[in-house]
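Structure first, then comments.
Each reported figure results from applying straightforward, stated rules to the coordinates on display, with no laboratory input. Please read these numbers as outputs of a predicted model, since none were measured by experiment. Here the Cβ is made from the backbone with ideal geometry for all residues, glycine too, and neighbour counts use every protein chain on show.
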Amino acid sequence: MRNHPLKLSKYSVGTGDRFAHQAKAQLQACVQALAKGIEVVPVWNKSNREHSIIGSEPASARQAADAAVKALGWTRPYFVDADHITLETVDRFLDPCDFYTIDVADFIGQAAQEADIDRFVKRHPELLGRLQLEGTDDALEISAEDLRESAHKFLVAVKKAGEVYRKIEQAKGEGNFISEVSMDETDRAQSPIELLIILAAIADEGIPIQTIAPKFSGRFNKGVDYVGDVAQFEREMALDIAAISYAVSHYGLPENLKLSVHSGSDKFSIYPAIHTVMKRLDAGVHLKTAGTTWLEELIGLAESGGDGLALAKEIYAEAYAHRDELCAPYATVIDIDPAKLPSPDEVSGWSPEQYTSALRHVEGAAAYNSSLRQLLHVGFKVAAKMGQRYLDLLEANEAVIAKNVTENLYDRHIAPVFLGAAS
Ligand SMILES: [Zn+2]
């Protein structure tokens with residue numbers, strides 16, 4: 001056992017940097033939070049899917065993060081996350097990463113063996129009946145049937161997570177990395193009861209997770225706001241945190257274990273609820289905001305006018321032309337109304353202001369177009385194909401883009417969630 005295992009701080013923010021050009025601008029947002037007295041640790045995440053679409057290697061995310069940290073003199077912790085990896089995709093992330101989001105969503109619902117279910121149920125009599133959890137007035141009521149049913153549904157996924165964890169542990173050594181288990185990319189939300197049962201199984205499997213990402217109720221579409229009942233989300237989150245506290249004290253999971261909210265970006269309407277619950281229960285949170293930094297690059301390019309604006313328009317035209325192909329991998333997490341997409345012809349006549357106000361996510365603003373935003377959100381492949389031409393313009397317009405990246409991450413994500421300031 002290592003003396004000082006890597007430990008994730010109470011507050012952390014996961015940011016995506018698809019083209020590895022904005023790490024410094026993103027880190028600047030954490031610098032601003034620290035100046036206000038709140039340490040929010042940056043975690044740069046990039047999934048295998050993103051690397052494959054862009055044609056990049058995980059080592060590039062590490063290099064970008066290290067360079068940003070050096071440039072800004074950041075002395076607090078930071079991590080590079082192998083986002084949503086599996087047994088099949090983890091290999092090339094073993095060297096450059098120190099945070100692993102182990103995705104087992106595909107295994108949820110695969111029937112566990114009866115003997116495994118029996119063993120689990122026998123091992124956990126404490127879960128049966130009425131559980132009064134600390135920090136909440138609600139109690140959880142778990143029947144023998146619930147316990148068997150959840151074991152049936154989740155044990156295979158948890159075992160799979162154990163396999164992935166042990167593969168990473170073998171390569172990196174115990175305590176040298178942070179592990180998270182994610183179950184968010186599935187079609188049904190997990191209840192707090194299910195979360196508690198999953199945590200018991202994860203502890204049995206010996207995975208010292210520091211974050212867990214359940215799927216919450218409501219819709220978490222890419223790059224647009226939450227769709228669902230915010231009050232219910234708040235109750236659910238409080239119960240999830242209470243379930244985590246129980247699991248920490250009863251099953252010996254790491255004491256800093258916390259929820260990871262995979263937001264798919266821009267869940268502005270639940271941010272105040274997250275802040276409230278976090279403060280009330282004195283809990284930590286990992287907020288994964290993912291890929292909207294790439295949209296800030298587009299906003300910055302459009303705002304710059306000239307070649308930048310022209311390229312932003314070209315990207316829209318290409319994304320529009322290939323919309324079916326671009327949307328397919330994200331079908332379950334986007335909601336685009338084709339009738340609301342302006343024609344590339346129309347967009348070609350837009351001013352910088354018209355482009356940025358259609359794309360910028362300001363709920364209620366007359367010009368804001370969520371269909372256009374979602375299409376561009378999944379359209380990063382178009383920019384990836386442009387290769388150096390896109391990167392050259394990012395560099396030429398760095399100042400305008402960086403300002404948008406920092407402001408977006410700080411004002412609209414970090415401040416409302418961790419500082420409780422209105423966005
Ligand atoms: Zn996720």
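Per-structure values
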item: Gap separating the Cα centres of segment 148-184 and segment 239-270, nearest whole Å; result: 16
item: Simple Cβ-charge dipole of segment 77-204, Lys/Arg +1 and Asp/Glu -1, about Cα centre, in debye nearest 20; result: 460
item: 18 Å cut-off, amide nitrogen to a point 7 angstrom out along Ala189 Cα→Cβ, residues in segment 120-159; result: 137-141
item: Length added when fully stretched, Ala321-Glu114, from 0.36 nm per residue minus Cα-Cα; result: 69.5 nm
item: Mean Kyte hydropathy of -0.5 or more with a Cα span along the axis of at least 20 Å, helices from DSSP in the chain; result: 58-72, 230-251, 306-321
item: Convex hull volume of segment 346-423 per residue (C-alpha atoms, cubic angstrom); result: 127
item: Helix-only CD estimate at 222 nm, as mean residue ellipticity for the chain, using -39500 (n - 2.57) per DSSP H run (n ≥ 4); result: -14500 deg cm²/dmol
item: Shape parameters for segment 148-280, alpha-carbon atoms, Rg then Dmax in Å; result: 15.0, 43
item: Long pairs among Lys122/Lys153; Lys10/Lys381; Lys160/Lys381, criterion Cα-Cα beyond 23 Å; result: Lys10/Lys381; Lys160/Lys381
item: Greater than 21 Å apart at Cα, pairs in Lys36/Lys222; Lys222/Lys267; Lys215/Lys340; Lys313/Lys385; Lys159/Lys288; result: Lys36/Lys222; Lys215/Lys340; Lys159/Lys288
item: 10 Å binning of all Cα-Cα separations within segment 46-173, expressed as whole percents from 0 upward; result: 11, 28, 25, 21, 13, 1
item: Dipole of the chain, positive end: most advanced residue of Pro329, Ser143, Ile241 [Cβ charges, Cα centre]; result: Ile241
item: Label-point separation, Val230 to Ala59 (7 Å along Cα→Cβ), nm; result: 4.6
item: Coordinate range along principal axes, alpha carbons of the chain, Å, largest first; result: 68, 45, 40
item: Dipole magnitude of the chain, debye to nearest 20 (Cβ charges: Lys/Arg +1, Asp/Glu -1, about Cα centre); result: 740
item: Estimated inter-spin distance, Asp106 and Met386, nm [label 7 Å along Cα→Cβ]; result: 3.2
item: Cα-projected label distance for Asp337 with Asp411, points at 7 Å along beta-carbon direction, nm; result: 2.7
item: Where GluC sites (Glu not before Pro) fall in DSSP loop in segment 176-213, at most 16 other Cβ within 10 Å; result: none
item: Selection of GluC sites (Glu not before Pro), segment 351-423, meeting DSSP coil and at most 13 other Cβ within 10 Å; result: Glu363
item: Fraction of beta bridges assigned by DSSP in the chain that are antiparallel (%, nearest 5); result: 15
item: Charge-dipole axis of the chain as Lys and Arg at +1 and Asp and Glu at -1 on Cβ define it, positive-most pick from Ser60, Ile193, Pro5; result: Pro5
item: Dipole of segment 265-423, positive end: most advanced residue of Ala339, Leu311, Thr276 [Cβ charges, Cα centre]; result: Thr276
item: Relative contact order of the chain, pairs being alpha-carbon contacts under 8 Å that are 6 or more residues apart, as %; result: 18
